[in-house]
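> Right, I'll just put the structure down here and ask away after.
The values are calculated or read from the model by the stated rules, or taken from the named source; none is laboratory data. All values derive from a computational prediction rather than experimental measurement. Methodologically, a virtual Cβ is constructed for each residue, glycine included, from the backbone with ideal geometry; neighbour enumeration extends over all protein chains shown. All accessible areas refer to the heavy atoms of the entire protein, side chains included, with ligands and DNA or RNA removed. Shrake-Rupley method; radii C 1.70, N 1.55, O 1.52, S 1.80 Å.
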Amino acid sequence: MESFLKDLNVFSLVLFFFALPISSALQVGFYSSSCPNAENIVRQVVQQRFNADKSVAPALLRMHFHDCFIRGCDASILIDSTTTNQAEKAAGANGSVREYALIDQIKSALEQACPQKVSCADIIALATRDAVSLSGGPMYNVPTGRLDGTISRASEVNLPGPASTVSQIQQAFSARKMTLNDMVILVGGGHSIGRAHCNFFQDRLSNFQGTGAPDPTMDKNLLTKLQGLCSLTFNPATFLDQNTTLVLDNEVYNQMRKNKGILQIDQELALDPLSASIVSSLAANNNLFRQSFVNAMIKMGNLPGTGGEIRKNCRRKN
């Protein structure tokens, strides 16, 4: 559970965009001939890690988002920095992205079974799918066939913060040909099992937008609870969904509608006229949320990368 403290939320988004068409090369079962046991190998390793630490699910969701919103889904986030290049993982916004070692473990198992057949980009997508399912979310087919990128630059990572507005985040999604509905689903879905440290919402508790007072929209009981928690000196963290904390479901939208959103963006999703009706629909229907989440995840996973190889080691280009 301690590793939960390293996670913020998994809604992280990127304002930088490379305008490329969605790849048509991806297909379900891409490795059925070249590495027929690939997906089973990924699932087994993720299952073992999940059994030891359930926070692997929000961690992988966050990694997948951060990868796909920079240069598309090409595993550029996995590349280590060198003396001549600061890679994406060195960017401040990626400072709490973790589970790189899990990706290494999966890659090692796949290399033993099928040398240089399965891309690191596909490993991220498949591992995230399995973690979602293990967290009570839907199981879905992941189109595969991605290639790994050879470029990773920290200077290209530009993420909005948790105080970003609905309109600002919508612009980031729109630039990637993703909809407002996609945004509400992926932000909420990620937050349903995520956590945030107090420093990411401290201003809502005492000095909201420079007023010197708490955010008047926050539920009073939640406000009191968080003020007590965040008075501690070690910057503790709390679940973003205060009810079904370890289950990926639609309950977080009900919390938003009750003014119990922890992060400012969570509360704004329920209050902003752009997104309020979507939040209400998702809060009322978990089946709608589950299917919509699958559609949005696949759509995001199809964001085209600039990759051109299958790395032998996910941390460096060949």
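> Filtering the range 77-98 down to residues that are farther than 22 Å from Arg49 by Cβ and touching a helix residue (DSSP H, G or I) at 6+ places or on another chain (Cβ under 8 Å), which residue is most open to solvent (accessible area, probe 1.4 Å)?
Here is the first cut: in the range 77-98, the ones farther than 22 Å from Arg49 by Cβ are 81-88, 90-93.
From what is left, the residues that are touching a helix residue (DSSP H, G or I) at 6+ places or on another chain (Cβ under 8 Å) are 81, 86-88, 90-91, 93.
Values: Ser81: 48, Gln86: 110, Ala87: 0, Glu88: 1, Ala90: 50, Ala91: 11, Ala93: 35 Å².
Looking at residues that are farther than 22 Å from Arg49 by Cβ and touching a helix residue (DSSP H, G or I) at 6+ places or on another chain (Cβ under 8 Å), I get Gln86.
> Let me ask something additional. Whether any residue in the range 233-243 is assigned to a helix (DSSP H, G or I) and closer than 29 Å to Ser277 by Cα is what I want to check.
Looking only at the range 233-243, we keep the residues that are assigned to a helix (DSSP H, G or I), and these are none.
No, because not a single residue in the range 233-243 is assigned to a helix (DSSP H, G or I) and closer than 29 Å to Ser277 by Cα.
> Could we say that Asp130 is over 22 Å from Gln86 (Cα atoms), acidic (Asp, Glu), in contact with a Lys or Arg (Cβ under 6 Å, 6 or more places away or on another chain) and touching a residue at least 60 places away in the same chain (Cβ under 8 Å) here?
The answer is yes for Asp130.
> Hey, another quick one. With Cys120, Cys73, Cys114, Cys68 as the choices, which residue is over 15 Å from the mean Cα position of the chain (by Cα), crowded, with 16+ Cβ neighbours inside 10 Å, in contact (Cβ under 8 Å) with a residue 60 or more places away in the chain and under 30 Å from Phe289 (Cβ atoms)?
Cys120
> If Asn243 passes every condition in (1) more than 28 Å from Pro214 (Cα to Cα); (2) open to solvent by 50 Å² or more (accessible area, probe 1.4 Å) but one, which one does it miss?
(1)
> Between a first residue in the range 219-233 that is closer than 13 Å to Ile262 by Cα and of a type in the set (D, E, K, R) and a second residue that is open to solvent by 40 Å² or more (accessible area, probe 1.4 Å) and modelled with pLDDT of 95 or more, which pairs have beta carbons less than 7 Å apart while being 6 or more apart in sequence or on different chains?
Asp219/Lys258; Asp219/Asn259; Asp219/Lys260
> Arg43 versus (1) modelled with pLDDT under 95; (2) open to solvent by 30 Å² or more (accessible area, probe 1.4 Å): which is the lone unmet condition?
(1)
> Moving to a separate point now. I'm checking my understanding of the structure. Among residues of the range 252-267 that are out of contact with any Gly (no Cβ under 8 Å at 6 or more places or on another chain) and outside any loop (DSSP other than H, G, I, E, B), which one is nearest to Leu223 (Cα to Cα)? Let's see the steps before the verdict.
Looking only at the range 252-267, we keep the residues that are out of contact with any Gly (no Cβ under 8 Å at 6 or more places or on another chain), and these are 254, 257-265.
So of that shortlist, the ones also outside any loop (DSSP other than H, G, I, E, B) come out as 254, 257, 264-265.
On the way: Asn254: 17, Arg257: 15, Gln264: 13, Ile265: 16 Å.
It comes out as Gln264.
> Another one. Does Gln264 satisfy the criteria of being more than 16 Å from the chain's Cα centre (by Cα) and either among the charged types (D, E, K, R) or over 24 Å from Gln168 (Cβ atoms) (or both)?
No: the conditions fail for Gln264.
> In addition: Quick test of your reading of the structure: Ala101 fulfils all but one of (1) modelled with pLDDT of 95 or more; (2) in a helix (DSSP H, G or I); (3) open to solvent by less than 40 Å² (accessible area, probe 1.4 Å). Name the failing condition by number.
(3)
> Given the criteria among the hydrophobic types (A, V, I, L, M, F, W, C) and either open to solvent by 60 Å² or more (accessible area, probe 1.4 Å) or on the phi > 0 side of the Ramachandran plot (or both), does Leu282 qualify? Reasoning before the result, please.
Working: among the hydrophobic types (A, V, I, L, M, F, W, C): yes; either open to solvent by 60 Å² or more (accessible area, probe 1.4 Å) or on the phi > 0 side of the Ramachandran plot (or both): no.
Here the answer is no, as Leu282 does not meet what is asked.
> Let me ask something else about it. Only one of these conditions is not met by Ala125: (1) open to solvent by 10 Å² or more (accessible area, probe 1.4 Å); (2) outside any loop (DSSP other than H, G, I, E, B); (3) modelled with pLDDT of 95 or more. Which number is it?
The number of the failed condition is (1).
> Still on this structure: Restricting to the range 130-184, count the residues that are assigned to a helix (DSSP H, G or I), closer than 27 Å to Phe200 by Cβ and open to solvent by less than 40 Å² (accessible area, probe 1.4 Å).
Total meeting the criteria: 12.
> Can you report the number of residues in the range 28-40 which are open to solvent by less than 20 Å² (accessible area, probe 1.4 Å) and under 15 Å from Ala121 (Cα atoms)?
Summing the residues that are open to solvent by less than 20 Å² (accessible area, probe 1.4 Å) and under 15 Å from Ala121 (Cα atoms) in the range 28-40 gives 2.
> So, in the range 213-231, of the ones that are open to solvent by 50 Å² or more (accessible area, probe 1.4 Å) and out of contact with any helix residue (DSSP H, G or I) (no Cβ under 8 Å at 6 or more places or on another chain), which residue ends up modelled with the lowest pLDDT?
Looking at residues that are open to solvent by 50 Å² or more (accessible area, probe 1.4 Å) and out of contact with any helix residue (DSSP H, G or I) (no Cβ under 8 Å at 6 or more places or on another chain), I get Ser231.
> Considering only residues that are among the hydroxyl-bearing types (Ser, Thr, Tyr) and in a loop (DSSP other than H, G, I, E, B), which ones fall in the range 268-318?
Hits for the range 268-318 are Ser275, Thr306.
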